[in-house]
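The values are calculated or read from the model by the stated rules, or taken from the named source; none is laboratory data. Just so you know, these numbers come straight off a predicted model, no measurement behind them. With ideal geometry, Cβ positions are generated from the backbone for all residues, glycine too; neighbour counts draw on all protein chains shown.
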Amino acid sequence: MRAFCLAFLLLGGVSVAHADESSGTWTGTLELRGNYYWEQSTRVVAPEGGVRLVAPNGIRLGADYLVDSITSASQAAGVLEDVRFTEIRHQISLNGGYEFDLGDAQLDLGLAYRISREPDYLSNSFGLTGALSLNDRSTVIRAALFYVHDEIRQRFVVGAGMRPVTGGGTSGDAFREDFNALALNVTWEQILSPVVFFQVAYQYGWMDGFLANAYRRVAVQDVLRPENHPETRHRHSLTGRLVTHVRATRSSVHLGYQAYMDSWDVAAVSPEIRVYQELAQSAHLRLRYRYYKQRRSFFYQDAYAQTLPDEAYVTADPKMSAFRVHTFGFQLLLETSFLADTVFDFFRAASIDLSFEYRWNTNRFGDGVISSIGLRVPF
């Protein structure tokens, strides 16, 4: 979720170029990015590319493609034996939008679609977005509604091709489950002064269907059985952000806070601070620290030592436990205006960014590294 904020700014932000209706000129941006994630049992390499187009009449179109190469040494990767396993996921995203001028206000409407596929998983999502700008765009009210439908299957690449069942045995029966979700987001953005900006957002999420891991097994009195989660989950999240710019030092400070709770008794708080510093006319540095503290779900236990009914909720998911995460990171952004009037003049308005984050995590996932490098070229 936090990484998504950066991806939105880099991939989904408004282009620096603008289409010209009188001349029929199309404009847009091209984005290429490489992402890397590492923790003790998992490594993810995820290159992606995206293009944004603005038509002469103001219609916006966008498309993104991402491929994940996920390597895991755990049984949760989809094998009965504890061996290293690599799985590939492909994702395509399409979006479009248009802003209507209402005189004293502007109404921006958008549509989004995403499909994600891997050998044992198919996910489709559809979204509607809207933004109403008031008071010369100093006030913006945003709303978004997303629907997700996932199809979950099982695939074993080694061993007998069997799946674990309650009681410690295996079954050759096909595993077919579904998952549905709705998410509603409402955001208020307000410019308080020439150097102060405030934002508050509420998100409600409803999920129904198979919410466990199709491969993860749980030890209950030393007997392995499939993970079992409640089939419905309600989630609430409240987020606030205050931004101020310090002209004397050419710095910006972002203070953020998020509170989360759901119907599984998971609750979390997450304060965050970001500092953006202009190093030179074409070089910018962002420093980030985020603290995350979570309470465990009502059915999570470090060890299930007593006999439980087959229908009891059990989990081995570290994300259901109580844990804390400290995240430190930086991003370096370099604008390539120095290429103007050279053989690489096409890249004169481009930008290159490099980011790195380290996560100190107290749950079983352990510490992790997140890094990214990207190139953005307007045209």
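Structural remarks
- Filter result for PHE330 (under 19 Å from the mean Cα position of the chain (by Cα), modelled with pLDDT under 95, within 28 Å of GLN203 (Cβ to Cβ) and not hydroxyl-bearing (Ser, Thr, Tyr)): no
- When region 219-264 is filtered for residues that are in a loop (DSSP other than H, G, I, E, B) and over 17 Å from VAL195 (Cα atoms), the ones remaining, listed by number, are GLN221, ASP222, GLU227, HIS229, PRO230, GLU231, SER263, TRP264.
- Just one of the listed residues (GLN258, GLN331) is surrounded by 14 or more Cβ atoms within 10 Å (Cβ to Cβ), free of Cβ contacts under 8 Å to residues at least 24 places away in the same chain and either touching a strand residue (DSSP E or B) at 6+ places or on another chain (Cβ under 6 Å) or not hydroxyl-bearing (Ser, Thr, Tyr) (or both), and it is GLN258.
- Residue, surrounded by the most Cβ atoms within 10 Å (Cβ to Cβ), within region 198-225, restricted to residues that are farther than 20 Å from ARG153 by Cβ and touching an Asp or Glu at 6+ places or on another chain (Cβ under 7 Å): VAL218
- Pair list, Cβ < 9 Å and 6+ apart or interchain, from region 124-144 residues that are among the aliphatic types (A, V, I, L, M) to residues that are surrounded by 14 or more Cβ atoms within 10 Å (Cβ to Cβ) and part of a loop (DSSP other than H, G, I, E, B): LEU132/ALA105; LEU134/ALA105
- Condition check for ASP136: surrounded by fewer than 15 Cβ atoms within 10 Å (Cβ to Cβ) and either of a type in the set (D, E, K, R) or under 18 Å from the mean Cα position of the chain (by Cα) (or both): yes
- Residue that is modelled with the lowest pLDDT, among those in region 107-152 that are part of a strand (DSSP E or B) and either of a type in the set (Lys, Arg) or in contact with a helix residue (DSSP H, G or I) (Cβ under 9 Å, 6 or more places away or on another chain) (or both): ARG117
- Residues that are closer than 16 Å to TYR292 by Cα, of a type outside the set (Ser, Thr, Tyr) and either free of Cβ contacts under 8 Å to residues at least 40 places away in the same chain or assigned to a strand (DSSP E or B) (or both) within region 353-368 comprise GLU357, ARG359, TRP360, ASN361, GLY368, listed in sequence order.
- GLY374 modelled with pLDDT of 95 or more and either assigned to a loop (DSSP other than H, G, I, E, B) or touching a Lys or Arg at 6+ places or on another chain (Cβ under 8 Å) (or both): yes
- If only residues of region 40-63 that are under 30 Å from THR362 (Cα atoms) and of a type in the set (S, T, N, Q) are counted, the one that is modelled with the highest pLDDT is THR42.
- Pairs linking a residue in region 304-317 that is touching a residue at least 12 places away in the same chain (Cβ under 8 Å) to a residue that is in a loop (DSSP other than H, G, I, E, B) and among the hydroxyl-bearing types (Ser, Thr, Tyr), with Cβ atoms under 6 Å and 6 or more positions apart or on different chains, are ASP310/THR166; THR315/TYR300.
- Considered as a group, the residues in region 334-352 that are of a type in the set (S, T, N, Q) and in contact (Cβ under 8 Å) with a residue 24 or more places away in the chain include one that is nearest to TRP38 (Cα to Cα), and that residue is SER351.
- The residues of region 265-300 that are at pLDDT 95 or above, not in a strand (DSSP E or B) and not hydroxyl-bearing (Ser, Thr, Tyr), listed by number, are ASP265, VAL266, ARG295, ARG296, PHE298, PHE299.
- Checked against the criterion of being assigned to a strand (DSSP E or B), within 18 Å of the chain's Cα centre (by Cα), in contact (Cβ under 8 Å) with a residue 12 or more places away in the chain and closer than 25 Å to ALA322 by Cα, region 187-194 has no qualifying residue.
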